[in-house]
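Down below is the structure, laid out as structure tokens.
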Amino acid sequence: MKVKIHHEGTNILIILMLILIVINLSAWMFIRPIAIPVVFSSISGVLYLFVVNFFRSPRRTFNGDRENVVVSSVDGTVVALEEVFEPEVLRRKVRMLSVFMSVLNVHANWFPLDGEVLMVRHHKGRFLSAYLPKASTDNERSTVLIRATNGQEVLVRQIAGAVARRIVTYAEAGDRANIEDHLGFIKFGSRVDIYLPLDTEIYVKIGDKTTGGVTVVGRLRKERE
């Protein structure tokens, strides 16, 4: 099966390949016994395949009922699901759902619902482990505010971690949000928080595994008449 590589990883993979070629050619030409270059080449192959795996970019199609549906923005594990006060944008109590990505997960980020992008804002911050609760408010992060088709506002926050210090956000104010499209990309292990209205029906619990753009995590209330 052909592996599709996310464009965020193209330059990294090319540079890494060139570095590994130089290292391994030098090892085979100048280092003896021969077992040492063999070890170098084996380690290089595993490392390169690991990075290729990280930057894989599957194209996903959502086949379920899309009315008021909220899907996971990322592949990973639900690590938080609680009522919080969001002080930076919404400034009200909401339900926060957080999914943590390990370095083995796909790191593309999908829009969690259909609607319109109202605002995109980048926040400078620290690089604590993304698994920690304080990462939501203290870490480097990017915030995307979306107005759902039923008029409610949902906030998505990409959060950098101790290793992931490169957040890419494709969404721009005025864009149409579609759950089959990429919102952005986070390089090397991190998390994404989704802030939902309190009356959202939630379908997941802490510890559940999610697939970005596919796993239904909740459903917004129907539009009031």
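A few remarks follow.
- Of the trypsin sites (Lys or Arg not before Pro) found in region 13-76, those in coil by DSSP whose Cβ has at most 10 other Cβ atoms within 10 Å are 59.
- Taking a ≥ b ≥ c as the square roots of the eigenvalues of the Cα gyration tensor, region 173-225 is classed as oblate, since a/c reaches at least 1.5 and a/b does not exceed b/c.
- Per-residue SASA remark: residue 119, around 40 Å² accessible (1.4 Å probe; ligands, DNA and RNA not included).
- Atom-type composition of the exposed protein surface of the chain places 59 percent of the accessible area on carbon and sulfur (1.4 angstrom probe).
- Under the criterion of Cα pairs below 8 Å and six or more residues apart, the relative contact order for the chain equals 24 percent.
- The count of lysine pairs in the chain with alpha-carbon distances below 19 Å, taking only pairs 8 or more places apart or on different chains, stands at 4.
- Acute angle (nearest 10 degrees) that the helix 10-30 long axis makes with the longest principal axis of the chain, alpha-carbon atoms: 20 degrees
- Ordering 38, 51, 81 by Cα displacement along the dipole of region 1-111 toward the positive end leaves 38 in first place; charges were set at the Cβ atoms of Lys, Arg (+1) and Asp, Glu (-1).
- Rounded accessible area per residue of the chain, 1.4 Å, Å²: 51 Å²
- For the peptides 110-118, 82-90, 143-151, the ranking by mean Cβ contacts within 10 Å, running from highest to lowest, is 110-118, 143-151, 82-90.
- A simple spin-label model places pseudo-atoms 7 Å from Cα toward Cβ; at residue 170 and residue 10 they are separated by 1.3 nm.
- The peptide list 213-221, 7-15, put in order of mean Cβ contacts within 10 Å with the highest first, becomes 213-221, 7-15.
The values are calculated or read from the model by the stated rules, or taken from the named source; none is laboratory data. Note that the structure is predicted; figures quoted are calculated from it, not measured. Neighbour counts run over all protein chains shown; Cβ positions are idealised from the backbone, glycine included. To get the accessible areas, we keep the full protein, side chains included, count just its heavy atoms, and leave off ligands, DNA and RNA. Shrake-Rupley method; radii C 1.70, N 1.55, O 1.52, S 1.80 Å.
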